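Reading through the structure tokens given below for one structure.
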């Protein structure tokens with residue numbers, strides 16, 4: 001959890017630096033609040049999204065392995081029955 005908080009802080013800082021460098025100087029700091037909040041929320045939730053995606057991918061791979069093993073055993077039983 002600490003690493004996630006550090007990641008959020010670093011992400012917000014990098015976003016702030018890019019905004020300061022790329023946005024005209026006549027804007028105030030209030031103009032930066034929304035992008036910083038959105039960047040912080042995205043930094044907080046991207047590990048969850050990636051975790052869900054990787055979990056589904058691993059489950060699909062495991063299901064395919066189980067299915068291929070079942071098919072192999074069925075083929076083996078058919079061949080022995082002849």
Note: the stretch 10-54, point scatterers on Cα, Debye, no solvent; log10 I/I(0) at q = 0.21, 0.33 Å⁻¹ equals -0.69, -1.14
Taking the chain and counting helices only, DSSP H stretches of n ≥ 4 at -39,500 (n - 2.57) each over all residues, the nearest-500 ellipticity at 222 nm comes to -31000 deg cm²/dmol
Eigenvalues of the alpha-carbon gyration tensor of the chain, times 5 and square-rooted, give semi-axes in Å, largest first, of 54, 11, 8
Mean separation of Cα contacts under 8 Å (at least 6 apart) over the residue count of the stretch 1-67, i.e. the relative contact order in percent, is 43
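None of the figures in this text is laboratory data; all of them are computed from the coordinates on show. Note that the coordinates shown come from a computational prediction; the quantities given were computed from them, not determined experimentally.
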